[in-house]
Amino acid sequence: MKFYIITGTSRGIGEALATQLLSESHHIFCISRTINQELIDLATEKNNKLSYLPFDLNHLNRIEQLFEEIFKTIKHQSSQVEAIYLINNAGMLSPVAPIERNHADLIIENVQINLLAPMIMTSNFIKRTQEMNIDKRIMNISSASAKYLLPSQSCYSTSKAGLDSFSKSVKLEQVNKAYPVRIVSVYPGMIDTQMQAEIRSTDSDHFPHVEQFIQIAKEGKLQTPEYTAKKLIDILLDQQFGQTALIEELQ
Ligand SMILES: NC(=O)c1ccc[n+]([C@@H]2O[C@H](COP(=O)([O-])OP(=O)(O)OC[C@H]3O[C@@H](n4cnc5c(N)ncnc54)[C@H](OP(=O)(O)O)[C@@H]3O)[C@@H](O)[C@H]2O)c1
């Protein structure tokens, strides 16, 4: 049995990832604040294993408990654990405005969801799997915004750039481990999800580049979540996964 822990499965890329990973030989743990009943129904219909764990990643101190629950389930099937994968996909864009206009609560939430939660998830994942001689991989869904900066996106860009540095640092730590965890940050492209809709609905007074994003959508240049999920799964399951800590383009 292969186990997948995926955050942000209520919609968008995360939902598409979980849908495509449903299989007889997989057990998927889905994490988001909102339960995705369609996904649960689909897994039930196909007789596939899916555990939905409604959880707010702002509760950083409860992530350890969440992992306790997940690994209890995994250990129940310990004779069959072939691989464990973690996909830190949940993310938030806001606040989108010059930094002096951003409320402290939103700045904190942005860094918690995009950076601190994946860091603590990774810490728990490695702690609980370090003695396991199996295939172990972590894919952090980052963004090209980490590299290509725009005004009014300082929180998002900074948290994603932090995520990339984190992936690179943990990769270095894992090099000489007996049973290393492979870790990669990936830029998924521009995808037609709620996050893009949110960018387009931003006030031009707050975000001077909003028209550029409206135009990209109008020209049909956004990828579908399904296409993106397929490419991300190809990357995750590739034999070369982890050779480089940052993948900036989906092939
Ligand atoms: N769409 C793009 O063009 C694009 C481009 C580059 C990178 N990305 C990255 O791709 C990833 C997925 O984005 P998406 O476009 O699919 O966004 P989305 O449609 O807005 O979905 C975001 C997901 O994150 C979850 N999430 C947000 N806050 C959460 C919280 N506090 N606790 C738990 N889960 C939370 C949401 O679930 P709930 O609201 O139910 O909690 C939802 O399932 C993100 O990391 C994003 O930064 C997207």
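Here is how the numbers come out for the structure above:
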{"read-out": "Selection count where residues are surrounded by 14 or more Cβ atoms within 10 Å (Cβ to Cβ), within 19 Å of the chain's Cα centre (by Cα) and not in a loop (DSSP other than H, G, I, E, B), scope segment 217-243", "value": "13"}
{"read-out": "Hits in segment 98-115 - residues which are of a type in the set (D, E, K, R) and either more than 11 Å from the ligand (Cβ to nearest atom) or touching a residue at least 60 places away in the same chain (Cβ under 8 Å) (or both)", "value": "100, 101, 105"}
{"read-out": "Segment 67-79 residues that are modelled with pLDDT under 90, paired with ones that are crowded, with 20+ Cβ neighbours inside 10 Å and not β-branched (Val, Ile, Thr) (beta carbon under 8 Å, 6 or more apart)", "value": "77/27"}
{"read-out": "Helices (runs of 4 or more DSSP H) wholly inside segment 76-186 containing at least 2 residues that are acidic (Asp, Glu)", "value": "104-111, 154-174"}
{"read-out": "Number of the condition not met by residue 69 [criteria: (1) under 21 Å from residue 146 (Cβ atoms); (2) assigned to a helix (DSSP H, G or I); (3) not small (Gly, Ala, Ser)]", "value": "(1)"}
{"read-out": "Matching residues, segment 72-97, being β-branched (Val, Ile, Thr), more than 16 Å from the ligand (Cβ to nearest atom) and closer than 27 Å to residue 146 by Cβ", "value": "84"}
{"read-out": "Pairs with Cβ under 8 Å, 6+ apart, first in segment 45-56 and farther than 20 Å from residue 2 by Cα, second of a type in the set (Ser, Thr, Tyr)", "value": "54/32; 54/34; 55/32"}
{"read-out": "Test: residue in segment 203-216 that is assigned to a loop (DSSP other than H, G, I, E, B), farther than 27 Å from residue 100 by Cβ and modelled with pLDDT of 95 or more", "value": "no"}
{"read-out": "Residue match in segment 164-178 (condition: charged (D, E, K, R), at pLDDT 95 or above and within 9 Å of the ligand (Cβ to nearest atom))", "value": "no"}
{"read-out": "Failed criterion for residue 17 (all others in (1) crowded, with 20+ Cβ neighbours inside 10 Å; (2) not in a helix (DSSP H, G or I) hold)", "value": "(2)"}
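The values are calculated or read from the model by the stated rules, or taken from the named source; none is laboratory data. Keep in mind that this is a model prediction, so the values were computed, not measured. With ideal geometry, Cβ positions are generated from the backbone for all residues, glycine too; neighbour counts draw on all protein chains shown.
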